[in-house]
1. Would you mind stating whether residue 71 is surrounded by 19 or more Cβ atoms within 10 Å (Cβ to Cβ) and under 14 Å from residue 115 (Cα atoms)?
2. When both residues are 6+ apart or on different chains and their Cβ atoms are under 7 Å apart, which pairs have a first residue that lies in the range 68-81 and is without any contact (Cβ under 8 Å) to a residue 40 or more places away in the chain, and a second that is exposed (fewer than 15 other Cβ atoms within 10 Å of the Cβ)?
3. Residue by residue through the range 86-114, note down the ones that are crowded, with 19+ Cβ neighbours inside 10 Å and within 11 Å of the chain's Cα centre (by Cα).
4. Kindly list the number of the only condition in (1) farther than 16 Å from residue 136 by Cβ; (2) under 12 Å from the mean Cα position of the chain (by Cα); (3) in a helix (DSSP H, G or I) that fails for residue 13.
5. With respect to residue 124, is the statement that it is free of Cβ contacts under 8 Å to residues at least 60 places away in the same chain, out of contact with any strand residue (DSSP E or B) (no Cβ under 9 Å at 6 or more places or on another chain), surrounded by fewer than 22 Cβ atoms within 10 Å (Cβ to Cβ) and under 20 Å from residue 11 (Cβ atoms) true?
6. I'm told residue 110 meets every condition in (1) in contact with a helix residue (DSSP H, G or I) (Cβ under 6 Å, 6 or more places away or on another chain); (2) touching a residue at least 24 places away in the same chain (Cβ under 8 Å); (3) assigned to a helix (DSSP H, G or I) except one. Can you identify the failing condition by its number?
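Values quoted throughout were computed directly from the atomic coordinates according to the rules given, and no laboratory measurement underlies them. Quick caveat, the model's predicted, so the values are computed rather than measured. Backbone-built Cβ (ideal geometry, glycine too); neighbour counts: all protein chains shown.
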């Protein structure tokens, strides 16, 4: 079985190369299309930061709104993505989310990682990513 790209790159959210520099990022990435991080925890931190930015900058405070931006219909079957993440996180698609609460964000990010990589996220790595997010919020 091959290792999924997001796992190889320690980028569980498959964040694309875009010129933005992240804490914990390996530059240059060995993958020309996607970011590469020093560890899965740094990759999870990037996901938490991105989702928090979606809430603050764009007012997206539901799983459906965040996924619609994360995995737009022009590139993904967004409805399937929303349904999958809702089922694996236990969060209703239109429930309001506080991106500063680990009780909701850790299951959400773990489910997104599972969707992106086809395998369950390691809860310890997700928790470490959350700790990095809290420590390095900007």
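1. Yes.
2. If the second residue must be exposed (fewer than 15 other Cβ atoms within 10 Å of the Cβ), the pairs left are 69/58; 78/72.
3. Of everything in the range 86-114, those that are crowded, with 19+ Cβ neighbours inside 10 Å and within 11 Å of the chain's Cα centre (by Cα) turn out to be 105, 106, 108, 109, 110, 111, 112, 113.
4. (3)
5. Answer is yes for this residue.
6. Of the numbered conditions (1) in contact with a helix residue (DSSP H, G or I) (Cβ under 6 Å, 6 or more places away or on another chain); (2) touching a residue at least 24 places away in the same chain (Cβ under 8 Å); (3) assigned to a helix (DSSP H, G or I), the odd one out for residue 110 is (2).
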